[in-house]
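Visitor: The structure under discussion is supplied below as structure tokens; questions concerning it will follow.
The values are calculated or read from the model by the stated rules, or taken from the named source; none is laboratory data. Being a predicted model, the structure only gives us computed values, none of them experimental. So basically every Cβ, Gly included, is an ideal-geometry build from the backbone, and we count neighbours across all protein chains shown. Surface accessibility is based on the protein's heavy atoms, side chains included, excluding ligands, DNA and RNA. Shrake-Rupley method; radii C 1.70, N 1.55, O 1.52, S 1.80 Å.
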Amino acid sequence: MWEYSEKVREYFFNPRNSGPLEEANGVGDVGSIQCGDALRLMLKVNPDTEVIEEARFQTFGCGSAIASSSALTEIVKGMTLDEALKVSNQNIADYLDGLPPEKMHCSVMGREALHAAIANYRGETQTDAHEEGALVCKCFAVDALLIEDVVRANNLNTVEEVTFYTKAGGGCASCHEGIEEILAKVKGERSGPGEVSPPMKPIAPRAAPKLTLVERIRRIEAVLASVRPMLVRDHGDVELVEVQGRNIYVHLKGSCAGCMMEAATLGGIQQKMIESLGELVQVLPASYMPAETSC
Amino acid sequence: MNPIYLDNNATTRVDPEVVAAMLPFFTEHFGNPSSIHAFGSQVGKALKEARQKMQALLGAEHDTEIIFTSCGTESDTTAILSALRAQPEKNTIITTVVEHPAILSLCDWLEKEGYIVHRLRVDRKGRLDLDEYRSLLVNNVALVTVMWANNETGTIFPVETMAEMAAAKGIMFHTDAVQAVGKLPIDLKATKIDMLSLSGHKLHAPKGIGVLYLRRGCRFRPLLRGGHQERGRRAGTENAPSIVALGKAAELAIEHMHHENTEVRRLRDRLEQGILSQVTHAFITGDTASRLPNTSNIAFEYVEGESILLLLNKQGIAASSGSACTSGSLEPSHVMRAMGIPYTAAHGTIRFSLSRYTTEEEIDRVIAAVPPIIAQLRELSPYWNENGPVENPERAFAPAYA
């Protein structure tokens, strides 16, 4: 059985705000019976203040789906619609003291229902076609469709690259076979009928013209700038500390610091550095820098 | 309140007599049966007795047809890979869509490796079409592997007939009988079954012990090489305590076979009638005319299985579900989908599996507990109005996006 927090169990066994809400003026229906999760969120919004005065839910689903729905109604009650729109699925999960990775989609469904209910109140139509594939990486809750999209959009070829872009495969490694299958599938689509897939890139970089120190630093900074958006998305950042020969020392900041994905992140940056600089380099955390040897 | 365990198709409690039988093999009889000295030979003798007891339970002609393995999955894997390696000129496997993952996952992988896999479909009651089966029995088929009884619904397949049909075409036949052994009388010497898998922990022996029955004369290639144990067919030092335990469990299974097919069946039927007479929009899945005596799988429409299990668990009742959420996948049980059970019901299937320890008092407690739980969850469900499903549920609740 799943390891549910006490709070999830409490909200499942004694759900708050369940049942129909007759005077609702914003209703959001999400999920589907095929997936085994369906949620109707009903809001009573004060038209003058746009404050959510009452929120109720009806849910067909597992323990965490019911708990997430119930938590959502508790969170949004008393909020204005603009405040409610800022509620993320992580807020819902945090409210419940966390959800198992396989169950994070329950909180996503809650946020979607909220957006749908607000859109319904405002007379807007929802066009979001959120799709979810089978869960591939259980450590970081990454599904097959996301991996496929990212592989296609970024022309990825290896499991390491997929890990760097999506985190998938960066934990226990048991999903590497699954990721390889997705890569093979997309690769098959890329080459198309009759075409031969391009030869593998040689691993050793071709001899590149020797760079000046300034050029090297510029390229190193450019690589860091290119990965920064991805790190920032996960509330992290990276900063160049020192370059000593083949060793590039960086400082991982924010949530990147101490993250269990640190090695994968550095590995991914290193791969890009090697490609950009045309030489074999090592990207290391600043803490690995040898103690000052100055005279 | 004492907990009630109705998940015996998942695993069973080890019988106290079985525990007593195996314990000396951790202490005074610790020897390696391969050794020449007295420590070893005592153990060797105990293994021989265990093998004979298992032979009796399966109705095998020779005790050497019993190969002890580590689990049902190992037995299944050994059987399938052996059939392919022993007959390299053949490239096809016939199985069913409702097999256990031990068979299905391996077949999926073999398909990627280039083998051809035919998966027999089932009808709404989970039954196979023997005409379709007959039409697939051609020269290049290396093996037919069909479960004796389905783990989720208890539906029994006519494996004896199917084995005859395969044998007539010179095709090997394997059956995953993990759920059937100990619950149904089996007499392998009167059948054409070549290989059979079973697992100890489904019949009140410990986990980590299984058997592959291998008919004398059936071509075989071992999965594990590296020793003469099990006549070279499964290398690795024998798990002596567990083999002794499984022998004892086999002996007890023979003793209780009548009870299993009378009293356990009566309690199962009582449970089903008791629940279905109180809960509307619920039905039994599988082939009620041909089922294991201990298994009941009930679909409760418009509610989700994991929620039911959590509420049952709160009252100390253990069962299992075919819902997507209990497995972490997005699809409900492959068995329910294969039978064409609608999604509105497939997510709400609950399997109750009884054992010889189940009492009438326990069954009556479950009959009292289930209806309020279903009512409570239906009250929360957007697919349900006060007394019944909303009209045209799939359309009444049609989310803007899924």
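Visitor: Evaluate peptide B:310-320: per residue, the Cβ atoms of other protein chains within 10 Å of its Cβ; return the mean as an integer. All intermediate terms of the calculation are to be shown ahead of the outcome.
Guide: Details: counts 11, 3, 0, 1, 3, 0, 0, 0, 1, 0, 0.
Whole-number average of other-chain Cβ neighbours for B:310-320 is 2.
Visitor: When only Cα pairs under 8 Å and 6 or more residues apart are kept, what is the percent relative contact order across chain B? Write out the running numbers ahead of the final one.
Guide: Details: 786 pairs, mean separation 84.8, N = 402.
Dividing the mean separation by the residue count of chain B yields 21 percent.
Visitor: Say R0 is 45 Å: what FRET efficiency, to the nearest 0.05, do residue A:80 and residue A:9 get from their beta-carbon distance? All intermediate terms of the calculation are to be shown ahead of the outcome.
Guide: Numbers: r = 31 Å, r/R0 = 0.69.
My answer for the efficiency is 0.90.
Visitor: Where does each of A:155-167, A:43-55, B:342-354, B:284-296 land if you order them by average Cβ count within 10 Å, highest first?
Guide: Working: A:155-167: 19.7, A:43-55: 16.7, B:342-354: 25.5, B:284-296: 21.3.
In descending order of packing, they fall as B:342-354, B:284-296, A:155-167, A:43-55.
Visitor: Using modelled backbone amide H atoms (1.01 Å from N, in-plane), which distant-in-sequence or interchain residues come within less than 5 Å of residue A:26's amide H?
Guide: Residues meeting the criterion, in which the H sits 1.01 Å from N, are A:43, A:45.
Visitor: List, in order, the whole-Hz ³J(HN,Hα) value for each residue of region B:183-188 obtained from phi through the Karplus relation with A = 6.51, B = -1.76, C = 1.60 and θ = phi - 60°; use x for Gly and Pro.
Guide: Values per residue, Gly and Pro as x: 10, 10, x, 10, 9, 5 Hz.
Visitor: Of the listed peptides B:170-183, B:132-145, what is their order by residue-averaged count of other C-beta atoms within 10 Å, with the highest listed first?
Guide: On the way: B:170-183: 26.4, B:132-145: 17.1.
Descending packing order for the listed peptides: B:170-183, B:132-145.
Visitor: Shifting gears a bit: Please sort through the DSSP H helices of chain B and keep those with an alpha-carbon extent of at least 24 Å along the long axis and a Kyte-Doolittle average not below -0.5. Don't skip to the answer; put the middle values down first.
Guide: Numbers: long enough: B:38-58 (30 Å, -0.20); B:240-259 (29 Å, 0.42); B:360-380 (31 Å, 0.30).
Both cut-offs are met by B:38-58, B:240-259, B:360-380.
Visitor: May I ask for the angle, rounded to the nearest 10°, between helix A:176-191 and the longest principal axis of chain A, with both axes built from Cα atoms and the value confined to 0 to 90°?
Guide: 80 degrees
Visitor: State the percent of C-alpha pairs, over all pairs in the protein assembly as shown, separated by a distance greater than 49 angstrom.
Guide: 29 percent
Visitor: Residue B:221: net charge of surrounding residues, Cβ under 10 Å, Lys/Arg +1, Asp/Glu -1, itself excluded?
Guide: Working: positive: B:85, B:219, B:225, B:233; negative: none.
Residues near residue B:221 contribute +4 overall.
Visitor: A follow-up question, please. How large a share of the accessible area of region A:6-122, in percent, is made up of carbon and sulfur atoms when the probe is 1.4 Å and the other protein chains stay in place? Can you show the working numbers first?
Guide: Values: 1760 of 4060 Å².
About 43 percent, which is the carbon plus sulfur part of the accessible surface.
Visitor: So, one more: How much accessible surface area, in Å² rounded to 10, belongs to the heavy atoms of residue B:109 with a 1.4 Å probe?
Guide: 110 Å²
Visitor: Could you work out Rg/(2.2 N^0.38 Å) for region B:16-253, with Rg from alpha carbons only? Spell out each step's value before the answer.
Guide: On the way: Rg = 17.9 Å, N = 238, 2.2 N^0.38 = 17.6 Å.
Scaled against compact globular proteins, the figure is 1.02.
Visitor: So for region A:82-185, considering every pair of alpha-carbon atoms, how many percent are separated by more than 22 Å?
Guide: The proportion of pairs with Cα distances above 22 Å equals 42 percent.
Visitor: Among B:258, A:273, A:19, which residue has its Cα furthest toward the positive end of the charge dipole of the protein assembly as shown, with +1 on Lys/Arg Cβ and -1 on Asp/Glu Cβ?
Guide: In the protein assembly as shown, that residue is B:258.
Visitor: Still on this model: Could you give the length gained by full extension between residue B:231 and residue B:276, i.e. 0.36 nm per residue of separation minus their alpha carbon distance, to one decimal place? Could you put the intermediate results ahead of the total?
Guide: Numbers: separation 45, 0.36 × 45 = 16.20 nm, distance 5.17 nm.
Stretched fully, the residue B:231-residue B:276 segment lengthens by 11.0 nm.
Visitor: Right, something else. Which pairs in the list A:210/A:272; B:202/B:248; A:187/B:90 are over 21 Å apart, alpha-carbon to alpha-carbon?
Guide: Working: A:210/A:272 18 Å; B:202/B:248 14 Å; A:187/B:90 31 Å.
Pairs exceeding 21 Å: A:187/B:90.
Visitor: Compute the FRET efficiency between residue A:173 and residue B:314 as 1/(1 + (r/R0)^6), taking r as their Cβ-Cβ distance and R0 = 35 Å, and round to the nearest 0.05. Write down the numbers at each step before the final one.
Guide: Working: r = 36 Å, r/R0 = 1.04.
Rounded to the nearest 0.05, the efficiency is 0.45.
Visitor: Tally Lys/Arg at +1 and Asp/Glu at -1 over every other residue whose Cβ is under 13 Å from the Cβ of residue A:165; what's the total? Mind dumping the intermediate values first?
Guide: Values: positive: A:152, A:167, A:233, A:272; negative: A:148, A:149, A:160, A:161, A:234.
Once all neighbours under 13 Å are counted, the net charge is -1.
Visitor: So with the 1.4 Å probe, I'd like the accessible area per residue for chain A, rounded to whole Å². If you can, show how the numbers build up before the last one.
Guide: Numbers: 15280 Å² over 295 residues.
For chain A, the per-residue accessible area is 52 Å².
Visitor: Using only helices, what value at 222 nm comes out for chain B when you add -39,500 (n - 2.57) per DSSP H run of length 4 or more and divide by the total residues, to the nearest 500 deg cm²/dmol? Could you put the intermediate results ahead of the total?
Guide: Numbers: 14 runs with 152 residues, N = 402.
Taking each H run of at least 4 residues, the total per residue is -11500 deg cm²/dmol.
Visitor: Let me ask something additional. Any chance you could check the Cα centroid distance between region B:145-193 and region B:1-73 for me, in angstrom?
Guide: 23 Å
Visitor: How far apart, in nanometres, would the label points at residue B:45 and residue B:13 be if each is projected 7 angstrom from Cα along the Cα-to-Cβ direction?
Guide: Roughly 3.4 nm, to one decimal.
Visitor: Still on this structure: Quick check: the distance between the Cα centres of region A:258-277 and region B:342-386, to the nearest angstrom?
Guide: 51 Å
Visitor: Please arrange B:1, A:104 by accessible surface area, largest first, computed with a 1.4 Å probe and ligands excluded. Mind dumping the intermediate values first?
Guide: On the way: B:1 185, A:104 40 Å².
Final ranking, largest accessible area leading: B:1, A:104.
Visitor: Same structure again: Ignoring ligands, DNA and RNA, what accessible area per residue does chain B give at 1.4 Å, in Å²?
Guide: Values: 15880 Å² over 402 residues.
Accessible area per residue: 40 Å².
Visitor: How much length, in nm to one decimal, is gained on full extension between residue B:187 and residue B:116, taken as 0.36 nm per residue of separation minus their Cα-Cα distance?
Guide: Details: separation 71, 0.36 × 71 = 25.56 nm, distance 3.13 nm.
Full extension from residue B:187 to residue B:116 adds 22.4 nm.
Visitor: Using only alpha carbon pairs under 8 Å that are at least six residues apart, calculate the relative contact order of region A:135-191 and give it in whole percent.
Guide: 37 percent
Visitor: Which translational diffusion coefficient, to the nearest whole µm²/s, is obtained for region A:6-122 from the Stokes-Einstein equation, given a Kirkwood hydrodynamic radius over C-alpha pairs, 10 °C and 1.306 mPa s?
Guide: Numbers: Rh = 13.6 Å.
Diffusion coefficient, whole number: 117 µm²/s.
Visitor: Chain pair B, A: how much accessible area is buried, both chains summed, with a 1.4 Å probe, in Å² to 100?
Guide: Counting protein atoms only, the buried area is about 3200 Å².
Visitor: A further question follows. Residues of B:297-308, mean number of Cβ from any other protein chain within 10 Å of their own Cβ, rounded to a whole number?
Guide: Numbers: counts 0, 0, 0, 0, 0, 2, 2, 11, 2, 11, 9, 2.
The shielding value for this peptide is 3.
Visitor: Taking beta carbons within 10 Å but only from partner chains, what does the mean come to for residues B:372-384? Numbers along the way, then the final one.
Guide: Numbers: counts 0, 0, 0, 0, 2, 4, 1, 4, 12, 9, 14, 5, 2.
Average per residue, whole number: 4.
Visitor: When ranked by the protection proxy of mean other Cβ atoms within 10 Å per residue, highest first, what sequence do the peptides A:178-187, B:36-45 form?
Guide: Values: A:178-187: 17.0, B:36-45: 13.8.
Packing order, densest peptide first, comes out as A:178-187, B:36-45.
Visitor: Could you give the length gained on full extension between residue B:108 and residue B:254, defined as 0.36 nm per residue of separation minus the Cα-Cα distance, in nm? Could the numbers behind the result be given before it?
Guide: Details: separation 146, 0.36 × 146 = 52.56 nm, distance 3.60 nm.
Roughly 49.0 nm would be gained on extension.
Visitor: Amide H to amide H under 5 Å from residue B:176: which residues, 5+ apart in sequence or cross-chain, H placed 1.01 Å off N in plane?
Guide: Amide H to amide H, under 5 Å and 5 or more residues apart or across chains, residue B:176 pairs with B:146, B:147, B:148, B:197.
Visitor: Rounded to the nearest 0.05, what FRET efficiency is calculated for residue B:124 and residue B:169 with R0 set to 25 Å and r the Cβ-Cβ distance? The partial results should precede the final answer.
Guide: Values: r = 29 Å, r/R0 = 1.16.
Rounded to the nearest 0.05, the efficiency is 0.30.
Visitor: Need one number: nm distance between label points at residue B:224 and residue B:368, each 7 Å from Cα along Cα→Cβ, rounded to one decimal.
Guide: Here the modelled spin labels are 4.8 nm apart.
Visitor: Per the 1.4 Å probe, what fraction of the accessible area of region B:96-154, in percent, lies on carbon and sulfur atoms? Don't jump to the answer; show the numbers that get you there.
Guide: Numbers: 1310 of 2660 Å².
Ligands and nucleic acids excluded, carbon and sulfur give 49 percent.
Visitor: Next up: How big is region B:137-255 along each principal axis, measuring the range of its Cα positions in Å and listing the largest first?
Guide: Its Cα atoms span 43, 37, 25 Å along the three principal axes.
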